[in-house]
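The values are calculated or read from the model by the stated rules, or taken from the named source; none is laboratory data. If you're wondering where the values come from, they're calculated on a predicted model, not measured in any experiment. Note that each Cβ is placed from the backbone with ideal geometry, even for glycine, and that neighbours are counted across all protein chains shown.
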Ligand SMILES: Nc1ncnc2c1ncn2[C@@H]1O[C@H](COP(=O)(O)OP(=O)(O)O)[C@@H](O)[C@H]1O
Ligand SMILES: [Mg+2]
């Protein structure tokens with residue numbers, strides 16, 4: 001399913017002042033592509049991802065999913081939250097069944113799908129446990145298969161491995177890739193980790209700290225699974241690190257979208 005981000009802008013009012021987080025962001029994600037949004041903390045990655053999810057509205061522009069405008073959350077989009085956000089009062093089983101019920105997977109199919117997903121994530125036999133009884137890595141895998149359970153067309157992941165220590169993180173990156181390769185769902189992932197972005201993505205979009213301006217839109221053309229010692233891998237990593245340094249300090253151009261938004265903000269402020 002094709003995902004189009006068209007001139008998306010977003011402003012928040014903080015302490016009575018308008019704060020433009022996303023100025024004028026546009027890009028298209030092709031069906032089956034694994035795209036990563038990379039950028040410094042506070043640059044608007046989560047804001048953009050939650051707009052795509054339909055959890056919050058745009059101030060300008062629009063998001064299209066296969067040509068249809070996104071206005072609210074829907075089962076066509078799965079979301080993995082930064083801190084997993086499993087329901088603590090539900091067992092593993094109920095956590096995974098929940099999105100299936102939401103997206104109206106027929107009751108007779110649910111059990112089979114549950115077992116498939118548990119097997120995929122190597123979590124067979126864990127279905128009666130509660131989230132607090134699981135390790136960080138298990139919770140992460142459950143958050144991931146829960147997001148897949150409703151058969152979304154697009155999988156949105158906000159720093160899905162952010163809370164996981166370095167070694168476990170590399171193992172989970174491999175698992176995540178293997179899971180993704182099975183059904184090639186369209187993915188938009190957010191991270192601030194350059195290595196993770198290169199290891200997993202078909203394409204990396206680097207956002208600047210100011211108004212989410214896109215500084216680079218880079219394909220990653222390395223065979224999977226990726227070898228971190230491949231000179232091309234190492235070069236890509238250095239290149240992205242350099243861009244990230246710029247990303248922290250970039251002043252965006254005054255595009256038409258930003259001007260319009262600033263004008264609209266001034267109007268609301270003076271009312
Ligand atoms: N609901 C909100 N109200 C006001 N400001 C917000 C809100 N959500 C995010 N922001 C601000 O928007 C900016 C971008 O936040 P976020 O999208 O979470 O960044 P990132 O995920 O890249 O770290 C931050 O300055 C943050 O304080
Ligand atoms: Mg964030």
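For segment 115-152, filtering for residues that are more than 20 Å from residue 83 (Cβ to Cβ) and surrounded by fewer than 20 Cβ atoms within 10 Å (Cβ to Cβ) leaves 10.
Rundown of residues vs (1) within 16 Å of ligand 2 (Cβ to nearest atom); (2) in contact with a helix residue (DSSP H, G or I) (Cβ under 6 Å, 6 or more places away or on another chain); (3) part of a loop (DSSP other than H, G, I, E, B), yes/no style:
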site	(1), (2), (3)
132	no, no, no
162	yes, no, yes
170	no, no, no
190	yes, yes, no
198	no, yes, no
226	no, yes, yes
232	no, no, no
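Cβ-Cβ distances below 7 Å connect the following pairs, each with a first residue in segment 154-178 that is at pLDDT below 85, a second residue that is away from ligand 1 (no atom under 16 Å from the Cβ) and in a loop (DSSP other than H, G, I, E, B), and a separation of six or more residues or different chains: 172/164. Look at segment 44-65: where a residue is within 15 Å of residue 214 (Cβ to Cβ) and a partner is within 16 Å of ligand 2 (Cβ to nearest atom) and part of a loop (DSSP other than H, G, I, E, B), sitting 6+ places away or on another chain with Cβ atoms under 6 Å, you get 44/212; 45/39.
As for segment 60-67, it holds no residue that is farther than 30 Å from residue 264 by Cα, assigned to a strand (DSSP E or B) and under 19 Å from the mean Cα position of the chain (by Cα). When restricted to residues that are surrounded by 21 or more Cβ atoms within 10 Å (Cβ to Cβ) and in contact with a strand residue (DSSP E or B) (Cβ under 8 Å, 6 or more places away or on another chain), segment 64-91 contains 5.
Residues satisfying the criterion are present in segment 159-169 (criterion: surrounded by 17 or more Cβ atoms within 10 Å (Cβ to Cβ), more than 15 Å from residue 81 (Cα to Cα), under 17 Å from the mean Cα position of the chain (by Cα) and not assigned by TED's automatic domain parsing to the domain that holds residue 30).
Among residues of segment 23-41 being over 13 Å from residue 159 (Cα atoms) and in a loop (DSSP other than H, G, I, E, B), the one that is nearest to ligand 1 (Cβ to nearest atom) is 33. Taking first residues from segment 211-224 that are over 20 Å from residue 46 (Cα atoms) and partners that are part of a loop (DSSP other than H, G, I, E, B), the Cβ contacts under 6 Å between residues at least 6 apart in sequence or on separate chains come to 220/201.
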